[in-house]
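Take a look at the structure below.
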Amino acid sequence: MSGTYAELIRRLAETTARMDAERGEAQSWYAGQVSAADRAVRDAEQAVRRAEAELEEARKEAESTDAEVLLLWQTLRERLGGGVRRIGDPPVPTVGAPTDPRLLLDGVRDLLDRARHPGELSGSAQPLLAVFGVLGAAVAYALGFAARAAGLRYGGDLAIGMPVLGLVVTLVGPVVGLAPAKLLADRRHAGLDPKSVTIVVAAGLLTTGALFALVR
């Protein structure tokens, strides 16, 4: 009986030891899982805070970019003047566009700044300016000549008024070439400086004088 009792005690002790070991392992595993879960929660909270901060920064940057776009667009509308209706509203940003909008805005600012301070036409444009002056004066002289001829042809009040009108048109001829010259300067993002104006008007005056001398 004693041997059997001793064996039972030994087995009970072994069973108790295994239970304690398994309990310890379970507690260690549980503690590890809780610690890992806590770390995961902390990492997730930090990720959420970072995402919120990035979202707020992106929102502020988007608002700043929108404000800059509106300002530049208004500047462009003021620059175009009569062409305002043609350009409409500011363009809508393209989703997924690879280009940094700040680089695009810098480029637009630089372009508008150069548009506000146009340079002078190059020397290569001077012959074309002279041609504008010649053609403008020639066209004006032809219109004036036609008006005078119409007055002589139809007589009456027209015989008085049309020659006066023709003379006015002819005298305006030297400056008519400034209109295409201005278009040329705008296309080349330049200004119509005094030198260019002088070339156009001088060519127009010479043409008008030559036509008066040749056609009487």
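Can you report the number of residues in the range 184-198 which are assigned to a helix (DSSP H, G or I), in contact (Cβ under 8 Å) with a residue 12 or more places away in the chain and open to solvent by 40 Å² or more (accessible area, probe 1.4 Å)? Outline the logic, then answer.
Within the range 184-198, the subset assigned to a helix (DSSP H, G or I) is 184-187, 194-198.
Then keep just the ones that are in contact (Cβ under 8 Å) with a residue 12 or more places away in the chain; that gives 184-185, 195-197.
Those still in the list that are open to solvent by 40 Å² or more (accessible area, probe 1.4 Å) too: 195, 197.
Residues that pass the stated criteria total 2.
Could you give every pair whose Cβ atoms fall below 9 Å, whose first residue belongs to the range 4-22 and is open to solvent by less than 80 Å² (accessible area, probe 1.4 Å) and part of a helix (DSSP H, G or I), and whose second residue is modelled with pLDDT under 80 and of a type in the set (G, A, S), counting only separations of at least 6 or pairs across chains?
Between residues of the range 4-22 that are open to solvent by less than 80 Å² (accessible area, probe 1.4 Å) and part of a helix (DSSP H, G or I) and residues that are modelled with pLDDT under 80 and of a type in the set (G, A, S), there is no close pair.
Looking at this structure, is S28 at pLDDT 85 or above, more than 30 Å from L206 (Cβ to Cβ), surrounded by 10 or more Cβ atoms within 10 Å (Cβ to Cβ) and of a type outside the set (A, V, I, L, M)? Talk me through it step by step, then tell me what you get.
Details: at pLDDT 85 or above: yes; more than 30 Å from L206 (Cβ to Cβ): yes; surrounded by 10 or more Cβ atoms within 10 Å (Cβ to Cβ): yes; of a type outside the set (A, V, I, L, M): yes.
When the stated conditions are applied, S28 passes them.
The values are calculated or read from the model by the stated rules, or taken from the named source; none is laboratory data. These numbers come from a predicted model, not from an experiment. A quick note on method: Cβ atoms are made from the backbone with ideal geometry, for glycine too, and the neighbour counts reach across all protein chains shown. Side chains are part of the model used for accessible areas, which takes the heavy atoms of the whole protein and leaves out ligands, DNA and RNA. Shrake-Rupley method; radii C 1.70, N 1.55, O 1.52, S 1.80 Å.
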